[in-house]
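See below for the structure under consideration.
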Amino acid sequence: MDSRIKLLKEGKLGTRPSWDEHGMLHAIASAPRSTCRHVRSGSAFVLNRGIIGTGYNGAPAKIKSNCLSSGCRKEVQGLEYHSSLGSGECIGVHSEKNALRYSRLSDANLGELHIYNTIFPCHACAKELIPYARRFIFKRLYSEKELDSTLRLFEEANVEICQLDLTPERFLDIYFNIPDVDFDIWSSEEKERIKNFIS
């Protein structure tokens, strides 16, 4: 991994989630709303430890057809997905841009945001995020193509870049392996169903 990226460790199983894990969980929770057949991405914007916006990738508002309902427009036009990246043919809006659109941001928030994303941002999204970002925390690297140029942008803007590759085991542990409390999110019977579903 690039030395400009700080690696964050996930918490031990059975422990309360850290603030970074909390932010990443919200990004992960947003991703299943994606309407893209090729990429599922989710974003969460955190200000003073509060979630102020989330987003997922997919067709823009007012566009009724999307990849899931009508097929990938690039493929319909005879383009191969990976070779057509950056061609401008995709109608999808990236999760970061959707989170920007729907978040409660103001100029007072410039340089204060902690941005959690399931994937490392493309160059275009990074340029839009930089004015707001103090930290950018991602789960997985999507493409190495723009990695160096995007990292240089973040570095020049003094934005800290971190990777928190939350494992499925930790994700499930946080949500379902909760210590016994008087009244939990899940009933005992539901916890058993979850265990059976996973195994």
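Only the coordinates and a few stated rules stand behind these numbers; no lab work does. Keep in mind the model is a prediction, meaning the values are calculated, not measured. Here the Cβ is made from the backbone with ideal geometry for all residues, glycine too, and neighbour counts use every protein chain on show.
Numbers below:
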| read-out | value |
| --- | --- |
| Debye log10 I(q)/I(0) at q = 0.09, 0.15, 0.17 Å⁻¹ for the chain, Cα point scatterers | -0.39, -0.99, -1.17 |
| Listed residue (TYR56, ALA126, CYS162) projecting farthest to the positive dipole end of segment 6-166, Cβ model | TYR56 |
| Placed amide H near ILE119: partners under 5 Å, 5+ positions off or other chain | GLY42, LYS139, ARG140 |
| Packing-based ranking, highest mean first, of 147-156, 182-191 given that Cβ atoms within 10 Å are counted | 147-156, 182-191 |
| Residues with amide H under 5 Å from that of LYS6, placed H, sequence gap 5 or more | ILE161, CYS162, GLN163 |
| Candidate lysines - alpha carbon under 27 Å from LYS6, same-chain residues fewer than 8 apart omitted | LYS97, LYS127, LYS139, LYS145 |
| Which of SER95, CYS67, GLY111, positive extreme of dipole for the chain (C-beta unit charges) | CYS67 |
| Value of relative contact order over segment 6-166, rounded to a whole percent, pairs C-alpha under 8 Å and six or more apart | 25 percent |
| Per-peptide average of other Cβ atoms within 10 Å, ordering 53-60, 5-12 highest first | 53-60, 5-12 |
| Residue list for segment 160-181, given a label point 7 angstrom along the Cα-to-Cβ vector of LEU7 and an amide N cut-off under 14 Å | 162-167 |
| Cα-Cα pairs of segment 90-199 separated by more than 24 Å (percent) | 43 percent |
| Helix-derived mean residue ellipticity, 222 nm - over the chain, DSSP H n ≥ 4, -39500 (n - 2.57), to 500 | -9000 deg cm²/dmol |
| Amide H contacts under 5 Å for GLY11, placed H, 5+ residues apart | SER18 |
| Phi-based couplings in Hz for segment 157-164 (Karplus 6.51, -1.76, 1.60; Gly and Pro marked x) | 7, 6, 9, 6, 10, 10, 10, 10 |
| Span from the segment 119-173 Cα centroid across to the segment 32-66 one, whole angstrom | 16 Å |
| Magnitude of the charge dipole, segment 6-166, Cβ model with Lys/Arg +1 and Asp/Glu -1, debye to 20 | 580 debye |
